[in-house]
Amino acid sequence: KSADAGDPESQLLLGLNYHNLSTNSQNDELKDNYMEKSYQWVLKSAENGEPSAQYFLATFIENGFGKENNVGSGNSTDLENAIRSYPWYLKAAQNGDSDAQSCLAFIHVNGESFDKDIPMPDYQDQLKGIAWAQRSALQENSKAEIIMGEAYEKGIVLPKNQEKAFKWYLKAAKQDIV
């Protein structure tokens, strides 16, 4: 009821429940139906400003889920999906979602999600990427902690500092990510 009434958290939970049903279904028709319902509820939640929903929506789009990606038609490429997902990652990151912040950090530091010939906002701005990594790492996001470790180890934007690199890697390792 609360999801139908517009509560973004309830919409997200309902969307994630449908996603779980989709991933656990053995019936392809049910699986597609559940995934479409999942996408629609997560989209509603994201449009209502829920940062976690914005992040999940970005991952759905990047992985080719949802009507806008022409699922099943073969008309959507990984690059197109990555480009369409970027604004949702950005919204989620701006709203404080640490997973979205670490994704943006990776995109900006490494420039690996997008083709260099396609103009993107701040495409490979490593300074911005490190700023996103710092924001996310301060929320104890282990992927961002690894990015910070690499930045210090390799001198990406930050001065090389093996001691600081080790500290960031150790923080991530304590969360069983490395």
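Results, tabulated for the structure shown:
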item: Qualifying residue in region 87-103 (condition: modelled with pLDDT under 95 and basic (Lys, Arg)); result: no
item: Test for Ser10: is it among the small types (Gly, Ala, Ser) and either part of a helix (DSSP H, G or I) or surrounded by 20 or more Cβ atoms within 10 Å (Cβ to Cβ) (or both); result: yes
item: Of residues in region 121-143 being open to solvent by 30 Å² or more (accessible area, probe 1.4 Å) and either farther than 16 Å from Leu90 by Cβ or of a type in the set (A, V, I, L, M) (or both), the one modelled with the lowest pLDDT; result: Gln126
item: Glu36 being in a helix (DSSP H, G or I), touching a residue at least 12 places away in the same chain (Cβ under 8 Å), farther than 18 Å from Lys91 by Cβ and of a type in the set (Asp, Glu); result: yes
item: Members of region 35-66 found to be crowded, with 20+ Cβ neighbours inside 10 Å and β-branched (Val, Ile, Thr), listed by number; result: Val42, Ile61
item: Matching residues in region 144-164 - criterion: being surrounded by fewer than 20 Cβ atoms within 10 Å (Cβ to Cβ), touching a helix residue (DSSP H, G or I) at 6+ places or on another chain (Cβ under 6 Å) and farther than 12 Å from Ile130 by Cβ; result: Glu153, Asn161, Lys164
item: Single residue of region 67-86 satisfying the filter (polar (S, T, N, Q) and modelled with pLDDT under 85) that is surrounded by the fewest Cβ atoms within 10 Å (Cβ to Cβ); result: Ser73
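The values are calculated or read from the model by the stated rules, or taken from the named source; none is laboratory data. Note that the structure is predicted; figures quoted are calculated from it, not measured. Cβ sites come from the backbone with ideal geometry, for glycine too, and all protein chains shown count toward neighbours. For the accessible areas, the whole protein counts, side chains as well, though only heavy atoms, and no ligand, DNA or RNA atoms are used. Shrake-Rupley method; radii C 1.70, N 1.55, O 1.52, S 1.80 Å.
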